[in-house]
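Presented below is the structure to which this report refers.
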Amino acid sequence: MVYKIEVKDSPGVFDAVGKGALKDIFDLGIKGVEDVFFAQAYTIEGQISEAQLKLICEELLIDKISQEYSVNPSGKPQSAGDKHIIEVAYNPGVMDPVEESALKGIKDLGIEGVVSFKTAKKYILQGKLSDSQVKTISEKLLYNKLIQHIVGAQGTGHRAQAEYKFKVINVDLLGASDKVLLDISKKGQLFLNLNEMLAIKKYFQKAGRNPTDLELETVAQTWSEHCMHKTFRGKIEYTEKIQNPKSKIQNKSQIQNPKIKIKKINNLLKSTIMKATKELKKPWCVSVFKDNSGIIEFDDKYNVCFKVETHNHPSALEPFGGANTGIGGVIRDPMGTGLGAKPVLNTDVFCFAPPDYPFSKLPKGTLHPKRVAKGVVSGVRDYGNKMGIPTVNGAVLFHDKFVGNPLVYCGTAGILPKEKSFKQVHTGDLVVVVGGRTGRDGIHGATFSSGELTHESETISSGAVQIGNPIQEKKMLDVILKARDENLYTAITDCGAGGLSSAVGEMGQELGAEVYLEKVPLKYDGLSYMEIWISESQERMTLSVPKENINRLLEIFAKENVEATVIGEFTNTKRLKLYYRGNLVCDLAMEFLHEGVPQIAKKAEFAIAKHREPAIRPAKNLTPQLLKLLSHYDICSKEWIIRQYDHEVQGGSVLKPLTGIVNDGPSDAAVVKPVLNSSKGLIISNGINFRYGFIDPYWMAFSCVEESLRQIIACGGSLKQVAILDNFCWGNPDKPDRLGGLVRASYGCYDAAKQFGVPFISGKDSLYNEFTVHGKSIAIPGTLLISAISVMDDVNKTVSMFAKNSGDLVYIIGQTKDELGGSHYFDLFNAIGNNVPKVDPKQAKKIFNALSRASDAGLIKAMHDCSDGGLAVAAAEMAFSGGLGMDIFLSEVPYQAQTERDDFILFSESNSRFIVEIEKNRQKQFENILKGLPFGLIGCINPQKQFRVFGLNGKACIDAGLAKLKESWQAPLRW
Amino acid sequence: MKKPRVCILRTAGTNCDKETAFAFEKAQAETELVHINQLVGGNKKLADYQILALPGGFSYGDDLGAGKILANELRFKLADDLKDFIKAGKLIIGICNGFQILVKSGLLPGNQNLAQESSLIINDSGKFEDRWVYLRAAKNSQRAALCVWAKDLPETIYLPVAHGEGKFITNNKITLSRLKENNQIVFQYCGQDGKSAGYPDNPNGSAESIAGICDLTGRILGLMPHPERHIDPAQHPRLVRDKKIKDGDGLQIFINGVEYCRKNL
């Protein structure tokens, strides 16, 4: 029997989901909806009695105090008159995360006969609406056809999965012409080029047979840009055109645009990012660029590891699911590092198109940026909060060009005992897959993210989109750490992109492995051997377990209801052999799989672009400009997002993302105590500014590194032990101009890391971020995220950014220059300019070290880094976050330029600058520490709630109440 | 002196277990993280502990309502053990998801047949929110006297909340007045000045600004805010640097529970 049950809020209970939907519909510009009601629908299948059904409904499905239910409400949802019913259910094959919990809950009631449990969401729209408006609301807001459907629309319900009939499929490569080879690659979504296809053909010619579909898929996945980073490891012929445009106002002491003389690059990664680490030889680097995340020392007992990934392509198509599985995936990186680390914090950085992007201009196949943003935030919230990992740090930036490719960076740091930092698979160890079951979800994720998106991506790549189940991952994590502490396994890795193919392939790289695919536990019947192998179903990890430990291992997993299954064995054949029901379906040499990819050769070109310098008339009153900057989407408060993340779970949060007299000011970085009974901490920060890349990716990269370090200093940290990660999100690297910028940014990374003495320990790139509509390609701005992790000796020395006491002195440290290129001030005038902020690393290091000493001595009451929006925005944020006024005198700002302009001093984004609050009686002590460095005593904190800036002529150029400033800053993203 | 033993109950999705254990240890208790399967399967016995702590998290993903499935497990699989535990005069604390479980299992506000009389439903804001709140815990009143967990607290304490379903409601007005009359309302959200205030001081729209209640014996406490997240001044959102302040506001709640066991059990 199939029962349909509908649960809704009792009369008088606030229907938060319905009202939320109502607000979103209004945002869509549809005015006719008067009200929205929400109901949860459940479909239960099984042999149960009336009484049992009643028990399930009353004791499990509803909250008796606030909800009521009805059974079998009349068949199909019926819309009538002004009442429009939209019921959204998951597509067959998509994991319904509630199902497992519900089935358990039903069993707990002592009821055994239920075989399936499905959920759906029902929205009842009240109002005069046309069919097309209902359709718009459904498609734009309520469901995503990649994973869901509207019930009753046409032939829905739960299609039974057909039983799979085994047949080995061979792909005819041996007889294929070049054209056919390319066809095979394209049709199979392998994203392999002709050279690569030829290399595969050659391998099989030697073997004297054609590959199976699975073998070809395995090679494609292993060789994908996503897994192999072919661009970074390939050969690049690089040419550079820099005229060194010496603009009039450029001062001689500034570093000129460096010319990179190298023309032929063999492995960009090794020549830049990894080279810096190698040359810096930091003794506290434990494992770099090897494992699933980079490891550094923490204290005598523990190491910490850190990894940041992107999940851009899936988030473009299905924001909730994409971000959800993005964070779920990066959490498994520390879990799969060494012998498994416990995740202690998350960081998330997003780039979207502006939320007020006109619907009429949206390219076909894209979702509106506001929906993307809301979906992504919900996805991160859902997974991070449910995993019990605090999301402590992040950033959100906006630009039109992210309309087809939003960027979703997710990062996780973990902590692990020193002696658990390395893994070693042994011959004879069993291959054990643990966690969730394998389904048809996420097929082709690795290869799909190695190509550009088109407006057809949403149909052809729908299999690559999934939703996660954080509780599955959480319980898996709990048991893994137990098994780790009992020394039950010798290696672990996650099944990420490429699924088992990637996990077993990597773990068995040195030795070889044999896997019996029919042993892999499946969500449902009907998967082919090939699908089992490459499925990217979430929440799975692979362990290598010595035979003598297997019983104990299986026992402890079973005790906490986590599946663990032996699916094969690591061998010494150096071959990957896969069997399905006794048939050999894959027999590949590990060496070919991992080393056989032909090195790619690409061309790269870089030319400095010349941008228009905006003609901005100097205004006497700059208050409106400050208000506009505070309302700039990049700068404004992200409180709406931050509060939805649990940033304090695990109890280690010290400096929270929001701080201030009413806890709503923007912290520069996060400080977390990963070991509760120790006062040692971690500082997590990020540097990102794609706007500088419009002018010169070299200085963008340099600035990103510098910014991430500046934030650490601003929180009371030091340069003593800082490690960084690089995450490049770029356009199509097959296009020389895109690749040219990437090369130049990489050199910026190298120089910055080297000069500041901060090694890269891990990184990741996401290329091909372009969206093709009718042959026209939109590339994202080349964007680099630098994520920094620093070990802090004593978290009690943490400094926060908000003004503390009236009468205290306000300083600026660092040199302000005419560096408004790429600034948010210029952006207000739709201009980019050319004077991009540069970095003087020697000077910057001196400033950083001096401020670290001052923090350490407890001199600093508050400190804030000057970044987006310059000194004016930084000082204003300090003032309104502390609820105290400020008087600032621009004549005291160390300023180096030919044009003396109030607006330039206020809004220039020169690097390596801080605003600092010092008590009057500490003035001497503080200034002593700063001797020889550029600094200015620029004002003081006043008890009035007024923020005033006096220009070079001594007259007030900004005069604004704190409430007004704060409102400008908080209003734009107060959704 | 023998330390009271605390059973920190965990299951799939529990995620504040370790810091709750740490807080109890700081309050001089002995703690053990116990999986629900161990209690249901009989490998561990509730009777061996003096305190049962239900920590925060998302037990079973909050699927079908926050705390619902674990609450049912307690009702249908551990009912007798729980009744004995309560009868023996032992203590229970439920924090956040733990409070949701206590309410949905009928252990709070508590009546003869453990029927559910109140609930914690989706916040008025419609979303999960993490923010710090002031709580009124009246000093020297009967209220403080009734709940053993709330002794010796200052007028107002400062703790973070982090939840999506924390709006306290009752089945009817009678229950609500009964809670007041019986002094079962232990914590109420308030402004910094200790007075009643609207959102966001009351972060979820709870009736009577209720943040925590106890049963009629005062030994079972449930609260939405997280006392374990403020046991150390370093956790304070404004980084209080007063050397005289040794502990965070939440620690006293754990000390109260532990001290009570020492003296009475």
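Quick note: the coordinates plus some simple rules give every number you see, no bench work behind them. All values derive from a computational prediction rather than experimental measurement. With ideal geometry, Cβ positions are generated from the backbone for all residues, glycine too; neighbour counts draw on all protein chains shown.
Rounded to the nearest 10 degrees, the angle from helix A:841-856 to the longest Cα principal axis of chain A is 90 degrees.
Taking 1.306 mPa s as the viscosity and 10 °C as the temperature, the Stokes-Einstein diffusion coefficient of the stretch B:1-146 based on its alpha-carbon Kirkwood radius rounds to 98 µm²/s.
Each principal axis of the Cα cloud of the stretch A:2-150 was evaluated for its coordinate range; sorted largest first, these ranges are 49, 36, 23 Å. Close amide-amide hydrogen proximity is noted between B:L108 and B:V103, each under 5 Å apart and 5 or more residues distant or on a separate chain (H modeled in the peptide plane; Pro and chain starts excluded). The stretch B:149-197 and the stretch A:282-337 have their alpha-carbon centroids 40 Å apart.
Among A:740-753, A:523-536, A:103-116, A:583-596, how do they line up from the highest to the lowest mean number of other beta-carbon atoms within 10 Å?
Working: A:740-753: 25.6, A:523-536: 21.5, A:103-116: 16.3, A:583-596: 17.9.
Those peptides, ordered most packed to least, come out A:740-753, A:523-536, A:583-596, A:103-116.
Each of B:L91, B:Y134, B:A79 was placed along the dipole of the stretch B:5-264 (beta-carbon charges, centred on the mean Cα), and the one lying farthest toward the positive end is B:L91. Per-residue 3J(HN,Hα) values for the stretch B:107-116, derived from phi via the Karplus relation 6.51 cos²θ - 1.76 cosθ + 1.60 with θ = phi - 60°, read 5, 10, x, x, 8, 3, 9, 6, 7, 6 Hz in sequence order (x marks Gly and Pro).
Contour minus end-to-end for A:K264 and A:D131, with contour as 0.36 nm per residue of separation and end-to-end as the Cα-Cα distance? Could you put the intermediate results ahead of the total?
Values: separation 133, 0.36 × 133 = 47.88 nm, distance 5.97 nm.
Full extension from A:K264 to A:D131 adds 41.9 nm.
What FRET efficiency comes out for A:E548 versus A:W975 if R0 is 56 angstrom and r is the Cβ-Cβ distance? Round to the nearest 0.05. Approximately 0.50, to the nearest 0.05. A protection proxy built from the mean count of other Cβ atoms within 10 Å ranks the segments A:367-377, B:14-24, A:915-925, most packed first, as B:14-24, A:367-377, A:915-925.
Roughly how many whole Å is it from the C-alpha centroid of the stretch A:103-130 to that of the stretch A:463-498? Result: 28 Å between the Cα centres. Backbone amide hydrogens, once placed in the peptide plane, bring A:G885 within less than 5 Å of A:N942, A:Q944, A:Q946, excluding anything fewer than 5 places away on its chain. Applying 1/(1 + (r/R0)^6) with r as the Cβ-Cβ distance of A:F829 and A:K482 and R0 = 51 angstrom yields a FRET efficiency of 0.30.
Residues whose amide H falls under 5 Å from that of A:M792, counting only those 5 or more places apart or on a different chain, are A:G681, A:L682, A:I683, with hydrogens built in the peptide plane. Per residue, the convex hull spanned by the alpha carbons of the stretch B:39-107 comes to 81 Å³. Once the C-beta distance of A:L198 and A:A609 is scaled by a Förster radius of 41 Å, the resulting FRET efficiency is 0.65 to the nearest 0.05. Applied to the stretch A:504-509, the Karplus parametrisation 6.51 cos²θ - 1.76 cosθ + 1.60 on θ = phi - 60° returns per-residue 3J(HN,Hα) values of 5, x, 5, 5, x, 3 Hz, with x for Gly and Pro. Rounded if a/c is under 1.5, else prolate if a/b beats b/c, else oblate: with a ≥ b ≥ c from the C-alpha gyration tensor eigenvalues square-rooted, which is the stretch A:526-679? Verdict is oblate for the stretch A:526-679. Roughly how many whole Å is it from the C-alpha centroid of the stretch B:53-96 to that of the stretch A:821-850? Computed from Cα coordinates, the inter-centre distance equals 55 Å. State to the nearest 20 debye the size of the charge dipole of chain A about its Cα centre, where the only charges are +1 on K and R beta carbons and -1 on D and E beta carbons. Dipole about the Cα centre, nearest 20: 2540 debye. For chain A, the convex hull spanned by the alpha carbon atoms encloses 173 Å³ per residue.
The phi torsions of the stretch A:755-768, fed into the Karplus equation with coefficients 6.51, -1.76 and 1.60 and a -60° offset, translate into couplings of 5, 8, x, 10, x, 6, 10, 5, x, 6, 10, 10, 9, 6 Hz, rounded to whole numbers, with Gly and Pro shown as x.
In a simple Cβ point-charge model (Lys, Arg +1; Asp, Glu -1; nothing else charged), the stretch B:5-264 has a dipole of about 440 debye relative to its Cα centre.
Under the criterion of Cα pairs below 8 Å and six or more residues apart, the relative contact order for chain B equals 20 percent.
Here the simple spin-label model places points 7 Å from the Cα toward Cβ, and for A:E45 and A:N677 these points are separated by 5.3 nm.
Since only A:V949, A:A503, A:S535 are under comparison, the one whose Cα sits farthest along the positive direction of the charge dipole of chain A, derived from C-beta charges on Lys, Arg, Asp and Glu, is A:V949. Note on chain A: antiparallel DSSP beta bridges, both residues inside, total approximately 80 percent of the bridges counted. The residue list A:V432, A:G388, A:L407 was ranked by how far each Cα lies along the charge dipole of the stretch A:371-448 toward its positive end, using unit charges on Cβ atoms, and A:G388 comes out on top.
In a Debye calculation with equal point scatterers on the alpha-carbon sites of chain B and no solvent, what is log10 I(q)/I(0) at q = 0.16, 0.17 Å⁻¹? Log-scaled intensity ratios, in q order: -1.22, -1.41.
For the stretch A:855-960, what does the alpha-carbon gyration tensor say about shape, rounded, prolate or oblate, given a ≥ b ≥ c as the root eigenvalues, a/c under 1.5 as rounded, and a/b over b/c as prolate?
Details: a/c = 1.61, a/b = 1.18, b/c = 1.36.
Here the stretch A:855-960 falls in the oblate category.
Sorted by packing (mean other beta-carbon atoms within 10 Å per residue), highest first, where do A:417-427, A:197-207 land? Don't jump to the answer; show the numbers that get you there.
Working: A:417-427: 15.8, A:197-207: 17.4.
Peptide ranking by packing, descending: A:197-207, A:417-427.
Based on the Stokes-Einstein relation at 20 °C and a viscosity of 1.002 mPa s, and on the Kirkwood radius from alpha carbon pairs, the stretch A:799-975 is assigned a translational diffusion coefficient of 131 µm²/s. Take each residue in A:94-104, count the other chain C-beta atoms within 10 Å of its C-beta, and the mean is 3.
Normalising by the residue count of chain A, find the relative contact order in percent from Cα pairs under 8 Å and 6+ residues apart. Each step should come with its number before you reach the end.
Values: 2336 pairs, mean separation 113.6, N = 975.
Reported relative contact order: 12 percent.
Peptide B:228-235 shows a mean partner chain C-beta count of 6 within 10 Å per residue C-beta.
Counting only C-alpha contacts under 8 Å and six or more residues apart, can you give the relative contact order of the stretch B:18-98 as a whole percent?
Details: 72 pairs, mean separation 28.4, N = 81.
Rounded, it is 35 percent for the stretch B:18-98.
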